[in-house]
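**Student:** The structure follows.
FYI, it's all coordinate maths here, none of it is from the lab. Treat the numbers as computed from the prediction; the structure is a model and nothing was measured. Quick reminder, even Gly has a Cβ in these numbers, built from the backbone with ideal geometry, and neighbours come from all protein chains shown.
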Amino acid sequence: MRILLLDQFSDPGGAQQGLLDLLPAISERGWSALAGLPAHGDLFARVRDLGFDAARISCGPYSSGRKSLPDVGRFVASTPLLARQIRTLAKRLDADLVYLNGPRLLPAAALAGVRAPVVFHAHSYLFPGPVRKLAGLSLGRLHARVIAQCHFVAEPWRAFVAPGSMQVIYNGVAGPVAMPPRPSGAPPRIGCIGRIAPEKGQRDFLAACALVHRALPQCTFSIYGAALFADARAARYSRDVHADAAGLPVEFAGWVEDVYAAMASLDLLLVPSAAHEATTRVVLEAFAAGLPVIAFRSGGIPEVVEHGRTGWLADSAGEMAQLAIELLSGERARLAAVARAARESWSRNFTLERYRREVLEAIEHVVEEARSQ
């Protein structure tokens, strides 16, 4: 099988990691693939390191979050060029399937008129409005199959695709090789891990930290991550986060390649994601690491966190802080029991092997169905 893989970003992110996770399994099946990626970011090198060819496409860059009028203008102007590039790459590969790893690619793919079947992998929630409408109409024109990472993400697309054309496949993550135990007697440490951006909620994390610090002054805090998108909004938010941390024992540890090494230093992970976040990969990684999680009851997170059994759900920074104080002040057996249940949930439902198998089976089914028509 020959697959044209297209991504709207080439900077690291959850969707891009999901794409990278599929490549070794594609290779193991003896399939071939060509990746079309924007001209910025380091995804190119990582794709090529895995033995796959990569070509440059014209997709952005655009500012993160809601788009500005200049962004919309550039998007409209660049769509015909991107459509020609998609058509050229699909013909060059003689693609059996086109895999779209982001909604920005949908209008150009529809305009390209490729004959191969299309799979759209939806990793994030798209707000109501003209952008969603255009993407949805493009989905319908493509007769695309949709793989959604959770039911919350899937819901906006149901109006645009035929019944039976959508499948929810939760993300999967590789667990750690080993997790060293936290040193006994060490002061408790609470962390937040993720790209520094409003949707990841670092300012809510710091609001919770301030409340925890008053009750447990010995507790320390770590923020892992960086503002990856070089736009004014991200830079302004990062400055606000650093200002909020003044006077608190907070370490800004920067971006880390080994998330499990970061988790090994923590007693508790807070995930204060915004309301439109999906299941957020770091929750599943914490499950695999046996690191207890308190997360906002946001987006798709309640689909994977069972409150009180595999983690805790909160509706505000204050509630998150109160839970953290109770857990760190009480018997550690409660934390340990939830950590064990979370790791069992990961091993049953959220492994990398399960994710790869289900996504590739879905792709194979789409191609076989197209060939039979």
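**Student:** At a Förster radius of 45 Å, what calculated FRET efficiency corresponds to the Cβ-Cβ distance of Q218 and M1, to the nearest 0.05? Write out the running numbers ahead of the final one.
**Tutor:** Working: r = 56 Å, r/R0 = 1.25.
According to the calculation, E is roughly 0.20.
**Student:** With a ≥ b ≥ c the root eigenvalues of the C-alpha gyration tensor of segment 114-186, is it rounded (a/c under 1.5), prolate (a/b larger than b/c) or oblate? Spell out each step's value before the answer.
**Tutor:** Working: a/c = 3.68, a/b = 2.43, b/c = 1.51.
Taking the square roots of the gyration eigenvalues as a ≥ b ≥ c, segment 114-186 is prolate.
**Student:** May I pose another question? Per-residue ellipticity at 222 nm for the chain, helices alone: DSSP H runs ≥ 4 residues times -39500 (n - 2.57), over residue total, nearest 500 deg cm²/dmol?
**Tutor:** -14000 deg cm²/dmol
**Student:** Could you list the residues of segment 126-147 with an amide nitrogen less than 13 Å from a label point located 7 Å from the Cα of A162 in the Cα-to-C-beta direction?
**Tutor:** Within reach of a label on A162, which here means backbone N under 13 Å from a point 7 Å along Cα→Cβ, segment 126-147 contributes 140-146.
**Student:** While we're here: At 7 Å along Cα-to-Cβ for each site, give me the label-to-label distance between S316 and R348 in nm.
**Tutor:** It is 3.4 nm.
**Student:** Taking the 0 to 90 degree range and rounding to the nearest ten, how far is the long axis of helix 14-28 tilted relative to the main principal axis of the chain, both from C-alpha atoms?
**Tutor:** Taking Cα atoms only, the helix is inclined about 60 degrees.
**Student:** Let me ask you something else. For a protection proxy built on the mean count of beta-carbon atoms within 10 angstrom, sort 142-153, 39-50, 317-328, 95-106 highest first, please. Mind showing how you got there, number by number?
**Tutor:** Working: 142-153: 21.8, 39-50: 15.6, 317-328: 19.6, 95-106: 24.2.
Those peptides, ordered most packed to least, come out 95-106, 142-153, 317-328, 39-50.
**Student:** How many angstrom lie between the C-alpha centres of segment 234-277 and segment 44-60?
**Tutor:** Here the two parts' Cα centres lie 29 Å apart.
**Student:** Same structure again: Hey, of [x] 27.4; [y] 17.9; [z] 20.4, which did the structure itself give for mean projected area of the Cα convex hull in nm² when calculated?
**Tutor:** [y]
**Student:** Taking the 0 to 90 degree range and rounding to the nearest ten, how far is the long axis of helix 332-349 tilted relative to the main principal axis of the chain, both from C-alpha atoms?
**Tutor:** 10 degrees
**Student:** Express the relative contact order of the chain as a whole percentage, based on alpha carbon pairs under 8 Å and six or more residues apart in sequence. Each step should come with its number before you reach the end.
**Tutor:** On the way: 675 pairs, mean separation 55.1, N = 373.
With pairs under 8 Å counted, the relative contact order is 15 percent.
**Student:** Shifting gears a bit: Which of D244, D258, D11 moves most in a GNM of the chain, Cα contacts under 10 Å?
**Tutor:** Residue with maximal mean-square fluctuation among D244, D258, D11: D258.
**Student:** Can you list residues whose amide H is under 5 Å from G311's amide H, if they're 5+ apart or on another chain and H is modeled 1.01 Å from N?
**Tutor:** E306
**Student:** While we're on this one: Could you grab the relative contact order for segment 189-349? Cα pairs under 8 Å, six or more apart, rounded to a whole percent. Could you put the intermediate results ahead of the total?
**Tutor:** Working: 279 pairs, mean separation 39.3, N = 161.
It rounds to 24 percent for segment 189-349.
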